[in-house]
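To start, the structure under review is shown below, and the notes come after it.
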Amino acid sequence: MWDTDRMVFVFNLLKYKLLLIVFAVLTFMSSFAQTPENVVERTPQQEADKLTDVMTRTLNLTEQQVPLVYGINLKYALLRRDTHDRSQALQNRQKKYQELQTVLTPHQYEILLMHHQQSRQPAAKQATIHLASPQPQR
């Protein structure tokens with residue numbers, strides 16, 4: 001029937017075919033990864049505008065706060081574009097939050113920090129927090 005050498009040869013052949021299939025699948029899947037062409041590059045002004053819009057809705061900013069928050073967001077969006085050092089980026093973020101704290105009310109600042117913490121957590125943990133938070137009654 002089958003001799004041992006032939007069985008080893010067939011086994012190795014199947015093993016290499018399997019590795020080839022796995023490699024092909026991984027290569028195919030990586031082609032769907034986000035490429036630089038798919039990433040929308042925003043200018044610092046667009047970033048500041050978008051972030052200010054989100055903050056206006058989330059924090060209920062007053063008309064007086066909106067231009068101040070936009071200025072802070074624009075300042076640090078420009079700095080982020082030019083900063084390549086991680087420690088400097090973290091320092092800039094701390095300075096930004098300190099500046100925002102002078103413009104926001106204590107309640108608004110607390111909400112901002114809460115949103116920041118939630119955005120830094122994995123998606124599964126965020127879902128748990130969202131489900132656990134009280135829902136407004138209608």
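Structure notes:
- Spin-label model distance (nm) - Gln91 vs Arg57, 7 Å beyond Cα toward Cβ: 3.5
- Spin-label pair Asp3/Arg80, simplified geometry with 7 Å Cα→Cβ offset, distance in nm: 6.9
- FRET efficiency, Tyr109 to Leu19 (Cβ-Cβ, R0 35 Å, nearest 0.05): 0.05
- For region 74-83, 3J(HN,Hα) computed residue by residue from phi via the Karplus equation (6.51, -1.76, 1.60; θ = phi - 60°) reads 5, 4, 7, 5, 5, 5, 5, 4, 9, 9 Hz, glycine and proline entered as x.
FYI, it's all coordinate maths here, none of it is from the lab. Keep in mind it's a predicted model, so treat the numbers as computed, not measured. In this analysis, Cβ positions are derived from the backbone assuming ideal geometry, glycine residues included, and neighbour counts consider all displayed protein chains.
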